[in-house]
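The values are calculated or read from the model by the stated rules, or taken from the named source; none is laboratory data. The model shown is predicted, which means the values in this text are computed figures rather than measured ones. Here the Cβ is made from the backbone with ideal geometry for all residues, glycine too, and neighbour counts use every protein chain on show. Just the protein is used for accessible areas: all its heavy atoms, side chains included, with ligands, DNA and RNA removed. Shrake-Rupley method; radii C 1.70, N 1.55, O 1.52, S 1.80 Å.
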Amino acid sequence: MTTKLLVANLSDIDVKGSRRIKVKELEIAMFRLTDGSVLAVENSCPHKGGLLSEGMVCGSTVHCPLHDWKIDLKSGNAQEPDDGCIKTFETEIDHKSGSIYIKI
Ligand code: FES
């Protein structure tokens, strides 16, 4: 069963910025992109667990701060030649209130 949780407000995250949230034992990184969307992924690089929330975002890709693997925030896949995948989470924004929901 999918649960929809209110996790933040748009005003909490700068454009091109990120925010870490914890839902039970899951740590999730949320990124606000320049196109206005908010994407959420597991906050752990598939290489050696670097905190992706501290990485630099370029388009819809985050660069891991540890060894610069590039992770696609939409698919969760590492960009070739690297290989790996992280979990992604569906998000929903209420543009009236700015509320950001995540589906888990
Ligand atoms: S831990 Fe992310 S690139 Fe190595």
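Just to verify a result, which residue in region 23-39, among those that are hydrophobic (A, V, I, L, M, F, W, C) and open to solvent by 10 Å² or more (accessible area, probe 1.4 Å), is nearest to residue 11 (Cα to Cα)?
Let us first name the residues in region 23-39 that are hydrophobic (A, V, I, L, M, F, W, C), namely 23, 26, 28-31, 33, 38-39.
The next check asks that each one be open to solvent by 10 Å² or more (accessible area, probe 1.4 Å); those that pass are 23, 26, 39.
Working: 23: 20, 26: 23, 39: 15 Å.
Within region 23-39, the match that is nearest to residue 11 (Cα to Cα) is 39.
Among what's in region 40-76 and is hydrophobic (A, V, I, L, M, F, W, C), open to solvent by less than 30 Å² (accessible area, probe 1.4 Å) and within 22 Å of residue 8 (Cα to Cα), pick the residue that is nearest to the ligand (Cβ to nearest atom).
As a first pass, look at region 40-76 and keep what is hydrophobic (A, V, I, L, M, F, W, C): 40-41, 45, 51-52, 56-58, 62, 64, 66, 69, 71, 73.
The next check asks that each one be open to solvent by less than 30 Å² (accessible area, probe 1.4 Å); those that pass are 40-41, 45, 52, 57, 62, 64, 71, 73.
Okay, now just the ones that are also within 22 Å of residue 8 (Cα to Cα), so 40-41, 52, 57, 62, 73.
Numbers: 40: 18, 41: 13, 52: 8, 57: 14, 62: 10, 73: 14 Å.
The extreme case among them is 52.
As an exercise: evaluate residue 31 against (1) among the hydrophobic types (A, V, I, L, M, F, W, C); (2) touching a helix residue (DSSP H, G or I) at 6+ places or on another chain (Cβ under 9 Å); (3) closer than 14 Å to residue 84 by Cβ and give the number of the one condition it does not meet.
For residue 31, the exception is condition (3).
Determine if region 16-32 includes at least one residue that is basic (Lys, Arg) and touching a residue at least 40 places away in the same chain (Cβ under 8 Å).
First, pick out the residues of region 16-32 that are basic (Lys, Arg): 16, 19-20, 22, 24, 32.
Still in the running and touching a residue at least 40 places away in the same chain (Cβ under 8 Å): 16.
Within region 16-32 (the criterion being basic (Lys, Arg) and touching a residue at least 40 places away in the same chain (Cβ under 8 Å)), the answer is yes, since at least one residue qualifies.
Got a number for residues in region 77-104 being open to solvent by 50 Å² or more (accessible area, probe 1.4 Å), within 16 Å of the ligand (Cβ to nearest atom) and under 12 Å from the mean Cα position of the chain (by Cα)?
Within region 77-104, the subset open to solvent by 50 Å² or more (accessible area, probe 1.4 Å) is 77, 79-81, 83, 85, 87-88, 90, 92, 94-97, 101, 103-104.
Now narrow it down to the ones that are within 16 Å of the ligand (Cβ to nearest atom): 77, 79-81, 83, 85, 87.
Right, trim to under 12 Å from the mean Cα position of the chain (by Cα) and you get 87.
Residues meeting the conditions: 1.
Could you please tell me which pairs satisfy a Cβ distance under 8 Å, a separation of 6+ or placement on different chains, a first residue in region 47-72 that is in contact (Cβ under 8 Å) with a residue 12 or more places away in the chain and under 15 Å from residue 27 (Cα atoms), and a second residue that is more than 8 Å from the ligand (Cβ to nearest atom) and among the basic types (Lys, Arg)?
From region 47-72, the pairs are 51/20; 53/19; 53/20.
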